[in-house]
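As structure tokens, the structure follows; a few thoughts come after it.
The values are calculated or read from the model by the stated rules, or taken from the named source; none is laboratory data. Since we're looking at a predicted model, the values are computed, not measured. So basically every Cβ, Gly included, is an ideal-geometry build from the backbone, and we count neighbours across all protein chains shown.
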Amino acid sequence: MAPPPELDLTIPYITPELPGIGGAIRARPELFSVVEVPAYEPIGYGDHIYLNVTKRGRTTRDTQIDLARLFGLRREDVGHAGLKDRHAVSTQTFSLLMPIDDPREVAGIVESSLAVTVNWAKRHPKKLRSGHLHGNTFTITVTDIESPETAMAQASEILKAIAKLGIPNYFGTQRIGRDGQNVLDGYALITGEYRENNRWLRRFLVSSYLSHQCNRYLAERVRRDLFTKLLHGDLAKKHDTGGVFTVEDAATEQPRFDAGEISFTAPIYGYKMRESKYEAKELEDEIFSGAGVTLDQLRRVGADGTRRLGRILPDIKLEAHPEGITMSFTLPPGAYATVVLREFMKDEAKIETSEPELEETDEVEEQ
């Protein structure tokens, strides 16, 4: 198997001049909490029962399968908005296609049969689908810090810089794989050197390779000092409405970028991807030219392509904890908490990877 060209998995920090706090994460699941922020609330009637559950040490996929088996449903009849890590305490909502059953009785059966807490159960007309959320709120404690007082001072300095610059919306190691094997296998699938019958795994591996190319693009903007600047032709996203537009005059739009009102979007390459223009397109084309794949090959594997928010602007709160430092922040769909943590810790080996799971949709809506 020929390796993909330029398999460089390194991604630059946005604050390389500031020392990291070190430490470790996921010492215990309760020190890594994630709560889904819903895009809408169930309205109280309809064929689907929405169950909001809190689980510990369980993946979203495992819970989905258990719910389907428990009620004799097809797996596709159990919906969810995003995937959550096993090594965490996570709160999220599932939808079950059960037009007749009493939601309260269903909640009782779930609590007595599965190791989860049901927070509420309500009806809604439509299935909960991937991406139907505003984001995720994380509360994470970094432990094993040598000097908590020094680390808090260092973290505060990093926080000041991030508040001004933002953080590149890299894909985390959950998608890429620490050793790059996911990327290698995805490249082989796209180029036809490797076949995989498992539909989910095939989709995941192709996504891993394209996520790596998106990381390459973001890393190059950081290295060329273009991360804090809009380019002529960028496809920018409005943070408040989600609308996407072409930057025709970068100098005019730059103050909105600096104020955190808009950010550029990054390419997730595919044969249907909406392209940027002018200077921005030149950079995107340059990155794709080094990807070693063609649009025809991406069409063959069903990689439509989309765009991803290029910069995240988390409102991070720091708090002293008996075991270290607790960080609280909310991220948009598809963004990785570990990408935020690595900027503070600056110790790649301590950013643990979990079992590979496709995250919620990274698609940027055009309005």
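This table checks each residue for (1) in contact with a Pro (Cβ under 8 Å, 6 or more places away or on another chain); (2) under 30 Å from Met345 (Cβ atoms).
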{"residue": "Thr93", "(1), (2)": "yes, no"}
{"residue": "Leu97", "(1), (2)": "no, no"}
{"residue": "Glu105", "(1), (2)": "no, no"}
{"residue": "Leu114", "(1), (2)": "no, no"}
{"residue": "Ala121", "(1), (2)": "yes, no"}
{"residue": "Leu128", "(1), (2)": "no, no"}
{"residue": "Phe138", "(1), (2)": "no, yes"}
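What number of residues within segment 203-243 satisfy the criterion of being more than 19 Å from Pro168 (Cβ to Cβ), in a loop (DSSP other than H, G, I, E, B) and not acidic (Asp, Glu)?
The qualifying residues number 5.
I need a count of the residues in segment 37-61 that are acidic (Asp, Glu) and either touching a helix residue (DSSP H, G or I) at 6+ places or on another chain (Cβ under 7 Å) or surrounded by 14 or more Cβ atoms within 10 Å (Cβ to Cβ) (or both).
Selection size over segment 37-61: 1.
Identify all residues within segment 258-283 that are closer than 21 Å to Thr306 by Cβ and part of a helix (DSSP H, G or I); write none if there are none.
Within segment 258-283, Tyr278, Ala280, Lys281, Glu282, Leu283 meet the criteria.
Go through segment 333-367 residue by residue and tally those that are of a type in the set (D, E, K, R), crowded, with 21+ Cβ neighbours inside 10 Å and modelled with pLDDT under 50.
Here the count works out to 3.
Taking Thr306, is it hydroxyl-bearing (Ser, Thr, Tyr), closer than 19 Å to Val142 by Cβ and modelled with pLDDT of 95 or more?
Judged against the criteria, Thr306 is not a match.
Could you please find all residues in segment 48-75 being over 17 Å from Asn119 (Cβ atoms) and of a type in the set (Lys, Arg)?
If the condition is that a residue be over 17 Å from Asn119 (Cβ atoms) and of a type in the set (Lys, Arg), then Arg61, Arg69, Arg74, Arg75 are the ones that fit.
Please tell me if Leu18 is in a loop (DSSP other than H, G, I, E, B) and not assigned by TED's automatic domain parsing to the domain that holds Arg123.
It is true that Leu18 is in a loop (DSSP other than H, G, I, E, B) and not assigned by TED's automatic domain parsing to the domain that holds Arg123.
Name every residue in segment 13-56 that is of a type in the set (Asp, Glu), modelled with pLDDT of 95 or more and under 21 Å from the mean Cα position of the chain (by Cα), in order of residue number.
Once the filter is applied, which keeps residues that are of a type in the set (Asp, Glu), modelled with pLDDT of 95 or more and under 21 Å from the mean Cα position of the chain (by Cα), segment 13-56 yields only Glu36.
Which of the numbered conditions does Gly290 fail, given that it passes all the others? Conditions: (1) over 24 Å from Ile312 (Cα atoms); (2) free of Cβ contacts under 8 Å to residues at least 60 places away in the same chain.
Every listed condition holds for Gly290 apart from (2).
At pLDDT 95 or above, in contact with a His (Cβ under 8 Å, 6 or more places away or on another chain) and not assigned by TED's automatic domain parsing to the domain that holds Ile190: is that true of His80 in this structure?
no
Would you point out which residue out of Glu248, Glu253 is free of Cβ contacts under 8 Å to residues at least 24 places away in the same chain, over 22 Å from the mean Cα position of the chain (by Cα) and surrounded by 14 or more Cβ atoms within 10 Å (Cβ to Cβ)?
Glu253 is the lone residue from the list that is free of Cβ contacts under 8 Å to residues at least 24 places away in the same chain, over 22 Å from the mean Cα position of the chain (by Cα) and surrounded by 14 or more Cβ atoms within 10 Å (Cβ to Cβ).
Filter segment 308-328 down to residues that are closer than 23 Å to Ala27 by Cα and among the aliphatic types (A, V, I, L, M) and give me whichever is surrounded by the most Cβ atoms within 10 Å (Cβ to Cβ).
Step by step, filter segment 308-328, then rank; the result is Met327.
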